[in-house]
1. Ranked by accessible surface with a 1.4 Å probe, highest first, in what order do Ile171, Ile439, Ile239 come?
2. Treat each spin label as a single point 7 Å out from the Cα along the C-beta direction, and report the Glu14 to Glu411 distance in nm.
3. Do the sum for the chain: with -39,500 (n - 2.57) for every DSSP H run of n ≥ 4, divided by all residues, what is the mean residue ellipticity at 222 nm, to the nearest 500 deg cm²/dmol?
4. Ranked highest first by average number of other Cβ atoms within 10 Å, how do 348-356, 75-83 line up?
5. For the full complex of protein chains and a 1.4 angstrom probe, list Arg106, Arg208 by accessible area with the highest value first.
6. Run the reach check for Lys245 against aspartates and glutamates, Cα to Cα strictly under 12 Å, same-chain hits fewer than 8 apart removed. What comes back?
7. Counting only Cα, what are the radius of gyration and maximum Cα-Cα distance Dmax of region 347-439, in Å?
8. Please work out the C-alpha center-to-center distance from region 307-334 to region 422-441 and express it in whole Å.
Amino acid sequence: MAKKVPTEADKKMEELVSLCRRRGFIFQSSLIYGGINSCWDYGPLGVELKNNIKRFWWKSMTQDRDDIEGLDASIIMHPRVWEASGHVAGFHDPLVDCKQCKHRFRADEVNSPACPDCGGELTEPRQFNLMFKTFVGPVEEEAALVYLRPETAQGIYVNFLNVLGPSRQKIPFGIAQIGKAFRNEITPGNFVFRMREFEQMEMQYFVRPGTDEQWFDYWKEQRMQWYLNLGIRKEKLRIHEHTHKELAHYARKALDIEYEFPFGWKELEGVHNRTDFDLSRHQEYSSKDLTYFDQELNQHYVPYIIETSAGVDRTLLTCLIDAYEVENPGKKEERTVLRLSPKIAPIKAAILPLVNRDGMPDVAKKIADELRPHLKIFYDDGGSIGRRYRRQDEAGTPFGITVDSQTLQDETVTLRERDSMSQIRVKISELKDALLKRIAI
Ligand code: ATP
């Protein structure tokens with residue numbers, strides 16, 4: 001079997017995977033048992049980063065505006081939900097196998113008639129349903145077959161009226177949700193880009209029919225701006241509008257927000273005009289009235305839905321890739337740095353005594369204790385100051401605070417900025433405000 005030669009993209013991804021393991025961002029799941037394909041665990045820094053990204057999204061949806069409500073629906077839903085949604089009948093990917101090396105591919109991702117890995121002959125495509133099945137009830141044979149949700153959106157549709165009543169929202173309004181989704185992907189890979197268990201941040205915006213196109217354009221702008229606010233480089237983002245042929249059965253219009261990963265331009269988020277498809281189908285399958293009464297029009301109708309559907313893990317991978325840089329490679333001054341936006345950086349500041357004597361650790365610990373309730377900080381007195389700075393650069397920590405001999409005389413510390421490595425002196429009494437101003441959460 002021909003062995004694949006690693007490309008530049010493979011090497012860049014390998015470097016990032018290695019940094020993530022080394023610094024405690026992401027580990028392969030169940031590694032002591034040899035690992036399990038496509039499942040990853042977020043370590044101490046990874047979970048901080050992930051939570052910060054989710055918080056940033058949640059705030060933009062449910063706090064910075066008053067027309068979107070939050071929801072946290074269950075992962076296991078009534079099996080009829082997936083019949084109504086079209087997933088039982090249609091959530092398939094075409095699968096092909098290589099007759100020679102037995103590798104498996106999504107037919108729509110293979111551009112040639114022969115195997116991309118060894119050139120062997122491929123089988124005819126077979127349809128493969130991506131939903132994970134499981135059983136509810138103590139006796140497997142008698143228990144009800146249920147699915148692990150392949151998207152969070154359906155939890156929003158079935159709760160449309162539940163949320164509408166108590167929140168007293170009026171159309172247009174939205175419901176936002178963050179949660180796990182599961183897909184038995186044929187070809188998971190590229191680190192946390194495509195997994196079988198992942199997290200989504202989805203928002204469904206309910207609108208009056210006829211206003212859907214203008215809301216679609218509105219959400220396209222909003223969502224692009226969100227990635228820019230997250231600190232992602234503009235030139236690495238683009239919008240791919242779906243052609244008529246690419247449109248899903250439920251969509252009138254759709255676009256992907258894409259990022260240029262080392263392995264190519266790939267989808268980060270989908271924005272879809274789903275029309276009244278979802279609520280009409282749930283109305284039909286549940287026999288419940290899911291119409292909305294519009295007081296202005298004095299009319300009942302099934303709202304149209306504009307969906308924004310983003311992946312938490314893909315966003316996190318994007319943040320890491322976009323922030324990762326090796327300065328002066330191969331030279332003495334080589335430095336690996338994660339230029340994460342301070343807003344989402346796992347640790348906001350490292351507190352470092354220059355040396356472990358003359359009372360410097362005590363002063364540094366006191367500063368750490370004072371800052372801890374306000375910011376995620378890290379105290380480190382192990383190793384040379386240069387090594388400690390480098391460790392924090394790799395962790396994406398935007399600020400380093402060093403207690404040195406001058407501190408003992410005039411109660412000032414050094415504030416080092418990760419990206420420029422510039423240093424200024426700040427009074428200890430003004431440190432908290434200086435940091436909060438720079439982080440601007
Ligand atoms: P793809 O074409 O990459 O399979 P999709 O079009 O099926 O994605 P959607 O169903 O629109 O994706 O899901 C919305 C978002 O959820 C995606 O943009 C992506 O960020 C995330 N997502 C979907 N599948 C996965 C997965 N297997 N692993 C990680 N994130 C995922």
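The values are calculated or read from the model by the stated rules, or taken from the named source; none is laboratory data. Remember, it's a predicted structure, so these values are computed and weren't measured experimentally. Cβ coordinates were reconstructed from backbone atoms using ideal geometry, including for glycine residues, and neighbour counts include every protein chain displayed. These area figures cover heavy atoms from the full protein model, side chains too; ligands, DNA and RNA do not enter into them. Shrake-Rupley method; radii C 1.70, N 1.55, O 1.52, S 1.80 Å.
1. Largest to smallest exposure gives the sequence Ile239, Ile171, Ile439.
2. According to this spin-label approximation, the distance is 5.4 nm.
3. -9500 deg cm²/dmol
4. Listed from highest to lowest mean packing, they are 348-356, 75-83.
5. Arg208, Arg106
6. none
7. 11.7, 32
8. 25 Å
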